[in-house]
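The structure appears right after this line, and notes come after that.
The values are calculated or read from the model by the stated rules, or taken from the named source; none is laboratory data. As the structure is a prediction and not an experimental result, all values here were calculated from the model. Here the Cβ is made from the backbone with ideal geometry for all residues, glycine too, and neighbour counts use every protein chain on show.
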Amino acid sequence: MLQVSEILRVKGNTLFTASPETSVIQALETMSEQDIGSLVIMDRGNLAGMLTFREIIRHVNGNHGAVGSTSIRSIMDDKPISVSPDTDANEVQRLMLENHSRYIPVMDGTVLMGVISFYDMAQAIVAAQKFENSMLKAYIRDWPEEDNQRPKA
């Protein structure tokens with residue numbers, strides 16, 4: 001079955017992180033410039049949280065449209081779910097759906113390996129289905145013909 005490490009290999013290894021002390025405005029600028037929907041929040045080499053547009057929208061809504069000088073620490077998800085590189089893709093799907101998570105950090109022990117997004121999962125599933133479909137079609141094309149000729153007595 002498809003594993004997280006395979007999805008990361010196809011996706012690439014560009015990571016965007018911030019510290020909890022980074023301002024929300026700086027985070028917004030980074031996310032906008034890099035066209036990303038999340039930042040992994042690292043504190044002294046450890047996973048401290050996740051910041052997604054969901055947290056930013058809640059913050060802006062609660063402050064009547066103002067971002068202010070707020071730090072990421074006060075709005076981030078400080079208990080993000082994470083997975084390891086050997087986690088099965090089905091498990092990632094389950095976690096995303098159960099926890100309404102669009103982004104899940106991938107940790108190998110304490111080392112950040114990447115982030116798996118809902119989009120990454122959808123893309124991987126479609127690619128796996130296309131591969132399986134092509135294999136089934138090839139198998140059917142090579143199906144042995146039935147022997148219609150009976151031995152003559």
**Message:** Any residue at all in the stretch 13-24 that's in contact with a Gly (Cβ under 8 Å, 6 or more places away or on another chain), at negative phi, in a loop (DSSP other than H, G, I, E, B) and modelled with pLDDT of 95 or more?
**Reply:** yes
**Asked** Just one of SER69, SER101, SER82 is within 19 Å of GLN123 (Cβ to Cβ) and either hydroxyl-bearing (Ser, Thr, Tyr) or over 12 Å from the mean Cα position of the chain (by Cα) (or both); which is it?
**Response** SER101
